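What follows is a single structure, written as structure tokens, with notes after it.
The values are calculated or read from the model by the stated rules, or taken from the named source; none is laboratory data. Please read these numbers as outputs of a predicted model, since none were measured by experiment. Quick reminder, even Gly has a Cβ in these numbers, built from the backbone with ideal geometry, and neighbours come from all protein chains shown.
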């Protein structure tokens with residue numbers, strides 16, 4: 001019996017590996033997705049090793065002698081109206097922007113996944129109540145609700161993550177619930193039930209692994225828009241606060257300077273946001289095509 | 001059908017009550033009181049308490065909640081804590097700006113998005129398709145506030161064709177509408193392309209081809225009618241989110257609409273204004289969603305059969 005179980009586990013592992021390899025092969029075929037992945041890796045590396053590239057002090061140290069300078073050898077991307085180095089701000093801002101995009105997505109997937117799985121699996125009253133609340137929350141304009149939450153909790157990084165998670169969780173709950181609903185009708189779930197497997201074990205070992213594909217697709221398509229929403233909230237001053245470097249907040253600072261013709265303050269953070277969102281979108285599209293070949297032609 | 005619409009309208013009441021309760025609770029979690037925000041840090045505690053009492057803010061949470069709901073039922077949307085201005089008057093002044101912005105960009109993005117999506121799907125892998133799809137993913141990645149600022153710089157500052165901020169004439173709407181339209185067009189275009197590609201692979205399309213239907217008839221009558229349903233949902237959501245997106249767009253272009261009004265209200269803990277604005281915007285969103293469902297029933301006889309039964 002022990003031997004059989006070990007054999008079964010080995011075969012399952014092999015199958016998973018095979019599936020991952022196949023997904024990776026399909027992903028690699030997609031040139032745009034690979035390009036996106038390359039940019040994304042660069043951004044992640046910059047965020048991880050920000051302190052090695054340029055010290056954090058450069059991003060917040062004010063220097064009145066070099067206010068609003070254009071790009072030069074000393075300041076690669078120029079300086080802002082307080083004389084802070086824009087390059088250093090971009091490099092260190094990458095940490096916040098990427099954390100906001102990826103962190104909120106992971107958080108919403110975990111929370112939405114658990115609630116959605118419970119609703120889909122057990123149904124009944126719990127399901128009805130949760131779905132009703134989701135309906136209500138989804139009727140409130142998302143950005144407005146996030147604004148109210150940030151205002152209630154106070155504008156900073158953690159609260160911004162909480163606010164964006166709250167507005168995105170309902171849609172995750174819905175997607176995951178509908179996926180789970182289609183899975184619990186499958187024969188292998190009946191088989192597991194017949195074997196006397198506990199509900200928790202069924203959810204964790206049989207239902208969730210099979211629901212992973214659609215969940216990953218939904219999440220990867222959303223990372224970029226979460227990042228843009230976070231940047232947007234910082235832009236209107238309801239997110240990461242000065243002097244902490246963040247791309248959205250930098251663009252807000254750039255508004256007045258731009259009208260005086262200081263274009264570099266607008267372009268560098270803007271391009272940084274757009275480029276990272278583009279890379280996330282391309283990777284998301286590639287993952288969707290690789291995981292769900294049905295959508296491909 | 002009429003019965004279905006009435007049922008949906010009635011169901012809107014508990015939803016709206018839920019929304020009011022959630023937002024009211026969130027707004028009351030905010031640290032500080034409106035009195036302190038209005039008078040500033042220099043005022044004494046007595047002055048702050050006095051003002052809070054005048055505003056009725058010192059009453060218990062539930063009393064204020066029920067009071068607000070009661071006023072709302074009588075059509076009284078409340079008065080601003082900050083300016084003491086009547087909300088309804090303010091709404092009349094500001095709503096047209098946001099509506100013009102929203103409707104213009106909704107109409108433009110729907111027309112552009114659907115037609116470009118069909119073009120991409122019908123001529124898959126052609127130059128037009130590649131161009132549209134590449135541009136789409138590019139614009140999906142550019143945040144509206146950055147795009148708006150670039151537009152201001154190029155067309156407002158450098159070329160001087162449009163005003164750089166404010167204003168209520170036709171010209172001052174052009175850049176904001178373009179900004180909002182571009183990001184929404186992308187969503188509609190991408191979805192239309194996907195659903196159209198799925199539709200043209202179905203058996204009934206093959207049947208239509210075998211019958212000898214013309215290509216345009218197949219595209220417009222057989223494929224589009226089936227592909228359009230998910231697109232309508234997304235268009236509805238877009239129309240709703242235009243209201244939320246207006247907050248950022250109006251900030252960039254300094255337009256005196258609902259967006260900038262709500263933002264100021266949230267910042268200064270102006271609870272009546274935040275509440276009533278949320279109610280108005282959510283109401284619009286709910287009505288749009290009902291319209292979407294009714295449209296579903298009009299377009300798809302299968303759904304019509306289900307809802308009218």
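Name the residue, out of B:97, B:79, that is in contact (Cβ under 8 Å) with a residue 12 or more places away in the chain and either crowded, with 21+ Cβ neighbours inside 10 Å or within 19 Å of residue B:197 (Cβ to Cβ) (or both).
Answer to the selection: B:97.
Here is a yes/no grid of residues against (1) modelled with pLDDT under 85; (2) over 30 Å from residue A:183 (Cα atoms); (3) within 14 Å of chain B (Cβ to nearest Cβ):
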position	(1), (2), (3)
A:40	no, yes, yes
A:56	yes, yes, no
A:59	yes, yes, no
A:85	yes, yes, no
A:141	yes, yes, yes
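Restricting to the stretch A:143-162, count the residues that are more than 9 Å from chain B (Cβ to nearest Cβ), part of a helix (DSSP H, G or I), touching a residue at least 12 places away in the same chain (Cβ under 8 Å) and closer than 12 Å to residue A:240 by Cβ.
Summing the residues that are more than 9 Å from chain B (Cβ to nearest Cβ), part of a helix (DSSP H, G or I), touching a residue at least 12 places away in the same chain (Cβ under 8 Å) and closer than 12 Å to residue A:240 by Cβ in the stretch A:143-162 gives 3.
Mind listing whichever residues of the stretch A:107-119 are more than 19 Å from residue A:186 (Cβ to Cβ) and touching a residue at least 12 places away in the same chain (Cβ under 8 Å)?
Listed by number, the residues that qualify are A:107, A:108, A:109, A:111, A:112, A:115.
Being part of a helix (DSSP H, G or I), touching a residue at least 40 places away in the same chain (Cβ under 8 Å) and either assigned by TED's automatic domain parsing to the domain that holds residue B:39 or under 25 Å from residue A:152 (Cα atoms) (or both) is the requirement here; does residue B:243 meet it?
Here the answer is yes, as residue B:243 does meet what is asked.
Test each condition in (1) within 11 Å of chain A (Cβ to nearest Cβ); (2) buried (at least 18 other Cβ atoms within 10 Å of the Cβ); (3) under 23 Å from the mean Cα position of the chain (by Cα) for residue B:200 and report the one that comes out false.
(3)
Working only within the stretch A:235-264, note down all residues that are in a helix (DSSP H, G or I) and either closer than 21 Å to residue B:162 by Cβ or at the interface with another protein chain (Cβ under 10 Å from one of its Cβ atoms) (or both).
Selection gives A:235, A:247, A:248, A:251, A:252, A:254, A:255, A:256, A:257, A:258, A:259.
Hey, which of the helices (runs of 4 or more DSSP H) in the stretch B:10-127, taking only ones fully inside, have at least 2 residues that are more than 14 Å from chain A (Cβ to nearest Cβ), at pLDDT 80 or above and farther than 25 Å from residue A:134 by Cα?
Where helices (runs of 4 or more DSSP H) fall fully within the stretch B:10-127 and carry at least 2 residues being more than 14 Å from chain A (Cβ to nearest Cβ), at pLDDT 80 or above and farther than 25 Å from residue A:134 by Cα, they are B:45-55, B:61-73, B:87-122.
In the stretch B:147-158, what residues are away from chain A (no Cβ under 12 Å) and modelled with pLDDT under 85?
Matches in the stretch B:147-158: none.
One line per residue, one yes/no per condition, for (1) closer than 30 Å to residue B:134 by Cα; (2) loosely packed, with under 15 Cβ neighbours inside 10 Å; (3) touching a strand residue (DSSP E or B) at 6+ places or on another chain (Cβ under 8 Å):
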position	(1), (2), (3)
A:37	yes, no, no
A:49	no, yes, no
A:52	no, yes, no
A:58	no, no, yes
A:66	no, no, yes
A:75	no, no, yes
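When you scan the stretch B:246-259, how many residues do you find that are closer than 30 Å to residue B:9 by Cα and either part of a loop (DSSP other than H, G, I, E, B) or more than 7 Å from chain A (Cβ to nearest Cβ) (or both)?
Total satisfying the criteria: 4.
Residue A:122: surrounded by fewer than 21 Cβ atoms within 10 Å (Cβ to Cβ), closer than 30 Å to residue A:189 by Cα and modelled with pLDDT under 90, yes or no?
yes
Select, from B:210, B:140, the only residue that is without any contact (Cβ under 8 Å) to a residue 40 or more places away in the chain and either surrounded by 19 or more Cβ atoms within 10 Å (Cβ to Cβ) or away from every other protein chain (no Cβ under 13 Å) (or both).
Just a single option satisfies the conditions, and that option is B:210.
Taking the stretch B:260-274 as the search range and keeping residues that are more than 9 Å from chain A (Cβ to nearest Cβ) and within 28 Å of residue B:169 (Cβ to Cβ), which one is surrounded by the fewest Cβ atoms within 10 Å (Cβ to Cβ)?
B:264
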